[in-house]
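Notes for the one structure printed next.
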Amino acid sequence: MTTAGADEAPTRAELVARARALRPLVREQAARGEAERRVTDEVSTALTDAELFRLLTPRRLGGHEADLRTVLEVTEALGEADASAAWLVSVGTVASWITGLASERAQDDVFGADPDAKIAGGAAPAPARRVPGGLRVSGRWSYASGSHHATWASLGAVVLDDSGAVADAVLCFVPVSEVKLEQTWQTVGMRGTGSDTWVADDVFVPDHLMISMGAMAEGAWPVPTTEAMYGLPFVPLATLPLLGPLLGIGRAALDLVVSSAPGKGMHHTFFARQSDSVGVQIQVAEAALKLKTARLHVFGIADQLDLSLRTGEQVDYATRAEIRAQAGYAAQQVLDAINVLVNVHGAASFAESSRMQQYWRDANTAARHAGLNAVIGYEVYGKSLLGVEERISPMV
């Protein structure tokens, strides 16, 4: 789907409209995706045709170079239909951005012939050994969301020096034809993400297809091209898009309860309709406000980061620490809201035929991503506020 000119990226409104137009298909295919533990080919193709995997791909390679508010609005809209499909766009977008930090030659390898290239992988490090011109990597990488439709795998690795000490941690990019996929994704939520495990046995990775993760996290990795979006700090950029699907789940759960309440009775009460109960009214309002609180935090972060690009202002550690805490807090607000809504909807929420049980499972799974660990985020932010220099995570 291309409605803009060759040098003109689609607007935010157009991209969000594309996501909304796909919701009937995505919603209809969600149950099959759950059963197969991967999004269906039909959904993957539709997302690709709508160019939603190009959000943070360089424009010179056919991408859109969208801002973060656009990424969030697109994935929030998709999340209302199916969190797994939305998640794949979120993590795929982040992977495309990260790939853009590799060499210009790597960008050409990945996106030159395929601007819709999909990268799936894991950052957990596996051992690598230095050989002329690159590395030899062997290992297993779980949680590779989108692996079934990926064209490239991203693999974390540690490079050891002659003494056996860690010399560097790197992220490697390899064509999926060079790795095997082991189906290990047996979870109760986010089943459709197909987050299975890559297996590599002595795969060669040339130097131009790797990035130093340490330098990237510290903002010291030299960006090979001039796109403004690579001025964003890595950790907030990698974390923020994960919240779009969660916001979408919350909105879907709220809409389900609000639409059901006028026609749903309340057992063991004299209320003929849930909507007549003051208790229900209060709980629905509370849930809606929690979701609004989460959205204000999430979109506030996006606007802050987007503004930093326009002004050229660096995002300092104190700001990144606050963003880390806000992300975890927002995720918890969504979980709290969904718990309230499940209480309102009652035991019917857990019928397998109910979408509410899927919202509950998906939200509770997605919110446990390590980047959204609220307690760690609060500690990072609290230490920053109090001037405590101890670092407990490199991901800030």
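The values are calculated or read from the model by the stated rules, or taken from the named source; none is laboratory data. From a predicted model like this one, the values you see are computed outputs, not experimental measurements. Positions of Cβ are generated from backbone atoms using ideal geometry, with glycine treated the same way; all protein chains shown enter the neighbour counts. For accessibility, only protein heavy atoms count, side chains too; no ligands or nucleic acids. Shrake-Rupley method; radii C 1.70, N 1.55, O 1.52, S 1.80 Å.
Summary table below
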{"item": "Leading residue at positive end of dipole, segment 164-244 (Cβ point charges), from LEU243, GLY219, GLN186", "result": "LEU243"}
{"item": "Percentage relative contact order, segment 117-168, counting C-alpha pairs under 8 Å, at least six apart", "result": "45"}
{"item": "LYS290 accessible area, 1.4 Å probe, all protein chains in place, Å² to nearest 10", "result": "40"}
{"item": "Segment 114-248: relative contact order in percent, alpha carbon pairs under 8 Å with at least 6 residues between", "result": "24"}
{"item": "Cα long-axis angle, helix 355-366 against the chain (0 to 90 degrees, to the nearest 10)", "result": "30"}
{"item": "Shape category assigned to segment 40-95 from the gyration tensor of Cα positions, a/c cut at 1.5", "result": "oblate"}
{"item": "The chain, helix-only ellipticity at 222 nm - DSSP H runs n ≥ 4, -39,500 (n - 2.57), divided by all residues, nearest 500", "result": "-15500 deg cm²/dmol"}
{"item": "For segment 230-297: relative contact order, % (alpha-carbon pairs under 8 angstrom, 6 or more apart)", "result": "26"}
{"item": "Segment 324-372 shape via C-alpha gyration tensor axes, a/c threshold 1.5", "result": "oblate"}
{"item": "Karplus 3J(HN,Hα) series, Hz, for segment 89-103 with 6.51 cos²θ - 1.76 cosθ + 1.60 (x for Gly, Pro)", "result": "5, 4, 6, x, 5, 4, 4, 5, 4, 4, 4, x, 7, 6, 4"}
{"item": "Å² of accessible area per residue within the chain, as computed with a 1.4 Å probe and no ligands counted", "result": "43"}
{"item": "The chain: radius of gyration and largest Cα-Cα distance (Dmax), Å", "result": "21.5, 78"}
{"item": "Equivalent ellipsoid semi-axes, segment 259-396, via Cα gyration tensor eigenvalues times 5, rooted, Å", "result": "38, 16, 13"}
{"item": "Candidates VAL235, VAL188, VAL110: whichever shows maximal mean-square fluctuation once the chain is modelled as a Gaussian network with Cα springs under 10 Å", "result": "VAL188"}
{"item": "19 Å Cα-Cα reach of LYS180 towards aspartates and glutamates, excluding residues that sit fewer than 8 places from it in its own chain", "result": "GLU36, ASP196, ASP201, ASP202"}
{"item": "Accessible-area composition of the chain, carbon plus sulfur, in percent [1.4 Å probe]", "result": "54"}
{"item": "Candidate residues PHE299, PHE270: accessible-area rank, largest first, probe 1.4 Å", "result": "PHE270, PHE299"}
